[in-house]
Amino acid sequence: MSQVRGQRHARRNQRSEATQRTLTALPAIAVALVLVLYGGLVFAVGLFVVGCVAMHELYSMYPRAHAVRLGGFVALGALLLAALYGGTYQVLLVTVAMLPVLFMLTAAQKHPSVGGMGLTLVGIWWIGLALATAVLLRRLPHGENIVIDVLIGTFLGDTGAYVGGHLFGEHALAPRISPGKTVEGLLIGGLCAVAGVWLAGRFQQAWLTTDHALILGLGVAVAGPLGDLFESFVKRQAHVKDSGKLMGPHGGILDRLDAVFFAIVVGYYIWNVYA
């Protein structure tokens with residue numbers, strides 16, 4: 001009898017957590033849609049704010065490394081401007097130029113270290129380049145719709161993996177990195193991601209074919225979980241559960257966008273072929 005009560009209590013807690021996650025996500029989704037639809041400088045400024053918060057969360061996980069926060073924020077702004085007013089060549093130039101600039105900022109710190117410089121570079125490459133790629137994707141033909149499609153596929157895939165893992169998960173996916181993730185959750189999440197992009201594409205049939213929508217969905221289904229595992233590895237090394245508390249039950253910005261940072265890059269290169 002007590003076991004049955006325990007199972008009922010666990011299911012109620014899961015439903016409650018899922019409801020909290022949904023309610024917390026709705027305002028963020030609304031803001032994301034507004035930024036994507038506006039595009040241009042508004043989109044870039046919004047991404048700069050998101051990126052700065054994400055970098056702050058990353059650098060705060062490793063306080064002893066003494067990351068060069070100013071270097072990360074400056075590189076992020078430069079990458080976004082290069083993507084907005086230039087192109088991939090200008091983004092590459094900024095990526096190359098930021099290393100000597102970062103070295104000078106590191107040398108000027110009170111506690112300069114190679115570890116701090118390396119952690120800063122991880123933030124720039126992981127977060128900064130992903131957000132710059134989002135700006136490049138937004139500028140492609142029908143780019144605003146593809147950004148939204150990638151977000152839909154990513155979030156549905158994440159939700160599908162979460163629910164599927166709780167209901168059917170038996171086989172651990174990567175126990176040394178993230179013990180809670182399962183193979184069953186991965187497969188269900190992947191199907192949800194592909195289905196989400198495909199369904200979104202049904203409203204864009206005038207220019208997005210079924211084949212292209214399925215390929216884009218498959219790219220999101222593969223890249224999203226990889227980004228999720230990447231952040232899990234970063235957190236596990238830092239011995240923290242969540243990257244922050246800004247998103248309530250979702251954790252921090254990094255916890256919510258870890259899959260997006262990988263999926264948006266794959267989405268850009270896939271759509272760049274077909275646009």
For this session: Can you tell me which residue among Asp242, Asp211, Asp258, Asp228 is acidic (Asp, Glu) and closer than 17 Å to Leu129 by Cβ?
Result: Asp258
For this session: Would you point out which residue out of Leu218, Leu187 is under 25 Å from Leu129 (Cβ atoms), touching a residue at least 12 places away in the same chain (Cβ under 8 Å) and either hydrophobic (A, V, I, L, M, F, W, C) or assigned to a strand (DSSP E or B) (or both)?
Result: Leu218
Problem set entry | Matching residues, the range 141-170, being touching a strand residue (DSSP E or B) at 6+ places or on another chain (Cβ under 7 Å) and not in a helix (DSSP H, G or I) | Gly169, Glu170
Problem set entry | One residue from Val42, Val34 being among the β-branched types (Val, Ile, Thr), surrounded by fewer than 21 Cβ atoms within 10 Å (Cβ to Cβ), over 17 Å from Gly123 (Cα atoms) and at pLDDT below 95 | Val34
Exercise. What are the residues in the range 119-158 that are among the aromatic types (Phe, Trp, Tyr) and in contact (Cβ under 8 Å) with a residue 40 or more places away in the chain, if any?
Worked result: Trp126, Phe155
Problem set entry | Residues (in a loop (DSSP other than H, G, I, E, B) and either among the polar types (S, T, N, Q) or surrounded by fewer than 24 Cβ atoms within 10 Å (Cβ to Cβ) (or both)) located in the range 231-275 | His239, Val240, Lys241, Asp242, Ser243, Gly244, Lys245, Leu246, Met247, Gly251, Ala275
For this session: From Gly157, Gly190, Gly165, Gly219, grab the single residue that is surrounded by 17 or more Cβ atoms within 10 Å (Cβ to Cβ) and at pLDDT below 90.
Result: Gly165
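The values are calculated or read from the model by the stated rules, or taken from the named source; none is laboratory data. Just so it is clear, the model here is predicted, and its values are computed rather than measured. Quick reminder, even Gly has a Cβ in these numbers, built from the backbone with ideal geometry, and neighbours come from all protein chains shown.
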